[in-house]
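To start, the structure itself, in structure tokens.
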Amino acid sequence: MDRTHIFFSTVLMALSLNTSAETIEINGTERQYEVIKSEQPAPGVTYSRLRFTDSSFQLNVNMIVTDLSNPGCRVETWCAKESSRGIEAITSAASRLTSENLKPVAAANGNFWYCYGQNEYPTYNYIPRLLSIRNGVLVTELNTGREKWDGGAKRNGAVGITSDGHIYVDYFTPDYTLKMPTREMNINVCNKGVSAKYATAGELGIYNSYYGRDTKFMYVEIDENKKLIIDEEAADATEVLLDIDEGESWMTARDISFTVKSVKKNAPAGTLGDHDLALVARGTTKAKRLAELKVGDKVQLNYSFLVTGSNVTPQFEQAICGNALVMRDGELTEHNYNEEYNSMIYSRTAYGCDADNRKLYIIVIDKSTDPVYGKSRGCTTAEMCQIARHFGCSNLANFDAGGSAEMMYDGKIINTTTEATPRDVANGLMIFSTGMSAAIDTVISENSSAAPVEWYSVDGRRLSTEPTASGMYVRRRGNSSEKIFIEN
């Protein structure tokens with residue numbers, strides 16, 4: 001036996017001595033596992049490493065469970081280089097997003113993105129497919145129009161998080177509306193290409209800072225080989241630049257007011273520049289209607305998402321989207337079995353929630369050999385669902401896997417990926433420690449009744465005055481604190 005093998009055996013023996021074996025029924029068979037490690041790196045956050053030890057079912061599972069009712073933690077969508085187009089190492093994103101009030105604790109990869117071999121490549125290279133929202137701003141859309149990737153919104157599993165810490169994992173039905181002084185129009189795309197030939201009306205797209213301020217708006221068409229190409233010669237769009245009104249902020253499920261600053265007709269593609277929003281319409285109908293706007297006009301943008309299972313339209317502050325909803329209300333969906341990507345033995349990344357919509361589950365499962373913990377065979381999404389359900393997960397959505405399946409914890413990638421070097425990815429969810437107390441006392445204690453009242457944002461930033469904008473805040477007096485939702 002070589003020294004490496006002796007080391008592996010010694011480590012695994014030590015792990016076995018310090019853990020107790022339990023079982024989970026998976027596909028009708030009791031599978032033995034051990035909790036190799038369980039830690040609480042921040043208030044409300046638990047990290048666990050599980051090791052399935054059956055010879056025919058060896059598996060390394062990393063799982064983060066985050067209780068978002070706890071003000072000591074916060075979850076945000078992270079976008080590679082703060083852009084709708086690009087990839088970045090998760091550890092690099094964590095370093096970039098570190099601040100005095102937000103300390104990254106853990107993160108994982110998220111959306112699938114357009115890549116080599118697909119009809120949209122290279123026009124849409126590295127742009128996340130489907131829905132992405134960061135801090136209320138729509139980065140990419142959940143499309144029901146020209147692109148219905150992997151079955152469209154009625155199949156895709158989306159994850160949305162509200163400012164008051166409720167998590168929804170389900171099918172989302174989107175509604176993107178532009179309200180003009182004389183009419184309303186549906187928006188087709190966000191930070192992607194706009195076609196003149198889609199349906200009969202053409203398309204209306206929106207661009208914001210995540211697209212880039214100096215990047216030309218994208219006019220696209222489909223060529224004879226069904227490839228998406230940029231129409232470099234096109235000069236048939238109406239482009240409107242707008243600034244967000246004073247006191248407004250980006251957020252889903254409500255009207256956001258903007259003022260028109262310029263209107264350009266039938267000209268080559270322009271750029272966003274210093275403005276907050278661009279509306280770009282092509283095609284006989286939509287371009288003509290958008291051209292009705294004049295400088296100084298007020299318009300409202302509203303992007304909303306109906307959660308199918310609960311029939312509510314929450315104000316999502318963060319959101320990402322995978323390929324399929326694989327578990328709903330504790331029951332496995334048909335999407336585990338009607339798609340080869342989900343039914344194959346593979347590495348996995350998934351996001352889920354409990355039945356109360358307060359706990360976020362992040363699961364990364366390896367298909368590799370870890371130098372300490374040994375071989376991990378990978379699994380189907382159905383097997384992953386049964387593992388997640390055992391730990392209290394109710395709804396689960398499958399996300400990008402293969403070399404993209406990565407979990408960052410304590411500043412480093414802790415799972416063994418399928419590639420020698422962890423892959424740069426497009427986006428995901430990141431958990432932060434806010435530095436706030438783990439406890440939420442809803443009753444002010446006597447010994448702190450004379451203390452001054454302090455107000456904080458949910459990410460731990462102290463406010464100079466009592467907040468007036470709608471949203472969730474934390475109010476502190478002495479050693480006590482409570483979460484309060486203010487509605488204006």
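For this structure, a couple of remarks:
- One residue stands out among those in the stretch 231-240 that are closer than 19 Å to Tyr211 by Cβ and either part of a loop (DSSP other than H, G, I, E, B) or touching a Gly at 6+ places or on another chain (Cβ under 7 Å) (or both): the one that is most open to solvent (accessible area, probe 1.4 Å), which is Glu232.
- Residue count, the stretch 367-380 (criterion: on the phi < 0 side of the Ramachandran plot, in contact with a Lys or Arg (Cβ under 7 Å, 6 or more places away or on another chain) and not aromatic (Phe, Trp, Tyr)): 5
- Condition met for Ser262 (open to solvent by less than 30 Å² (accessible area, probe 1.4 Å) and either within 30 Å of Met472 (Cα to Cα) or at pLDDT 95 or above (or both)): no
- Test: residue in the stretch 384-395 that is in a strand (DSSP E or B), at pLDDT 95 or above and under 20 Å from the mean Cα position of the chain (by Cα): yes
- Scope the stretch 130-142; condition open to solvent by 10 Å² or more (accessible area, probe 1.4 Å) and assigned to a loop (DSSP other than H, G, I, E, B); matching residues: Asn135
- Checking the stretch 161-184 against the condition returns no match, with no residue being within 27 Å of Thr284 (Cβ to Cβ), touching a Pro at 6+ places or on another chain (Cβ under 8 Å), of a type in the set (A, V, I, L, M, F, W, C) and touching a residue at least 40 places away in the same chain (Cβ under 8 Å).
- Screening Glu120 against (1) in a loop (DSSP other than H, G, I, E, B); (2) in contact with a strand residue (DSSP E or B) (Cβ under 6 Å, 6 or more places away or on another chain); (3) under 30 Å from Asp410 (Cβ atoms) leaves a single unmet condition, (3).
- Per-region count, the stretch 198-230, residues open to solvent by 50 Å² or more (accessible area, probe 1.4 Å), assigned to a loop (DSSP other than H, G, I, E, B) and under 26 Å from Asp175 (Cβ atoms): 4
- Taking (1) open to solvent by 30 Å² or more (accessible area, probe 1.4 Å); (2) within 17 Å of the chain's Cα centre (by Cα); (3) at pLDDT below 95 in turn, Asn119 satisfies each apart from (2).
- From the list Tyr409, Tyr361, Tyr373, Tyr351, the lone residue that is of a type outside the set (Val, Ile, Thr), in contact (Cβ under 8 Å) with a residue 60 or more places away in the chain, closer than 20 Å to Ile90 by Cα and in contact with a helix residue (DSSP H, G or I) (Cβ under 8 Å, 6 or more places away or on another chain) is Tyr361.
- One residue alone among Ile127, Ile87 is of a type in the set (Val, Ile, Thr), over 16 Å from Asp150 (Cβ atoms) and under 15 Å from the mean Cα position of the chain (by Cα), and that residue is Ile87.
- Candidates Leu360, Leu325, Leu396: the one that is in contact with a His (Cβ under 7 Å, 6 or more places away or on another chain) and open to solvent by less than 10 Å² (accessible area, probe 1.4 Å) is Leu325.
The values are calculated or read from the model by the stated rules, or taken from the named source; none is laboratory data. Given the structure is predicted, the values throughout are model-derived calculations rather than measurements. Neighbour counts are summed over all protein chains in view; Cβ atoms, including those assigned to glycine, are modelled from backbone coordinates with ideal geometry. Note: accessible area is taken over every heavy atom of the protein model, side chains too, but ligands, DNA and RNA are not part of it. Shrake-Rupley method; radii C 1.70, N 1.55, O 1.52, S 1.80 Å.
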